[in-house]
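Input: a single structure, listed below in structure tokens.
FYI, it's all coordinate maths here, none of it is from the lab. Keep in mind that this is a model prediction, so the values were computed, not measured. So basically every Cβ, Gly included, is an ideal-geometry build from the backbone, and we count neighbours across all protein chains shown.
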Amino acid sequence: MTTEADGPKLIKIDTADGIKLEAEFNSVDSAQAFAVISHPHPLYGGNFQNSIVESLFRELPKSGIATLRYNFRGVGQSEGSYGEGVAEQLDTQAAFGYAQLAKLTCPLISVGYSFGADVSFAADHSLLKAWVGVAPPLSLVDPKHMKAGSDDRSVFLIVPEQDQYRPPTETKLITSDWRSTQIQVIPGANHFLANSSSEVVELVKNCILSIC
């Protein structure tokens, strides 16, 4: 049975351009992976307390996956201001870097939801093993500028069947030339994934464990 090592703890993360971000780290004993979770759009109420982010942060450790969630610049107690999805890439990269600070040796996995998916697809780190994107709009950052699309590392796209912003058919078209991509559809769900948190957690967990 996997147990939380110390329980969730609030931390601060420093970005390359000098911003301090509010974050929370949930460690586990003998972690099989480390998931960095990026939240939805800051201008539309997105923060690290989003219900999907909360479910991932709390539930993944039960399967041996340490988690970190953070607020993008200008959100909650994070310094700075909204950076149009560009400056936020520095936030994601700083969150990835926490794996080194925490001396984690397990695979580092990016898990982004909506805006967080688009931003994290454009971010990279030497320890990163795969990207998981939940309901990615594939428009808030130009897909041509997404590292995930031109890389041989695994990319998992979890797409609601009735997503208002990027349904599965469009997702498949946009990512048709991505090198190592798998798409899974959540039947009946829309972009906001109401009542689908358990299914999202299960799908994300399986994606992560499949590469560990």
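Computed values, structure above
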{"item": "Gain in span if fully extended, GLU79 to LEU173, counting 0.36 nm per residue against the direct Cα distance", "result": "30.1 nm"}
{"item": "Most mobile of ILE186, ILE158, ILE65 in a GNM of the chain (Cα contacts under 10 Å)", "result": "ILE186"}
{"item": "Straight-distance crosslink candidates among aspartates and glutamates, where the alpha carbon sits under 13 Å from LYS144 and sequence neighbours closer than 8 are dropped", "result": "ASP118, ASP177"}
{"item": "For the chain: rounded, prolate or oblate by the Cα gyration tensor [a/c cutoff 1.5]", "result": "rounded"}
{"item": "Sorted by Cβ density within 10 Å, fewest first, the residues LYS144, LYS172", "result": "LYS144, LYS172"}
{"item": "Highest-fluctuation residue, GLN100, GLN162, GLN32 considered, GNM on the chain with Cα pairs under 10 Å", "result": "GLN100"}
{"item": "Calculated FRET value between GLN162 and LEU43, using beta carbons and R₀ = 25 Å, to 0.05", "result": "0.60"}
{"item": "Burial ranking of peptide ranges 53-61, 108-116 (average Cβ count within 10 Å, highest at the top)", "result": "108-116, 53-61"}
{"item": "Choice from SER120, SER198, SER154 with maximal GNM fluctuation in the chain (Cα, 10 Å cutoff)", "result": "SER198"}
{"item": "Relative contact order of the chain, defined on C-alpha pairs under 8 angstrom at six or more residues apart (%)", "result": "18"}
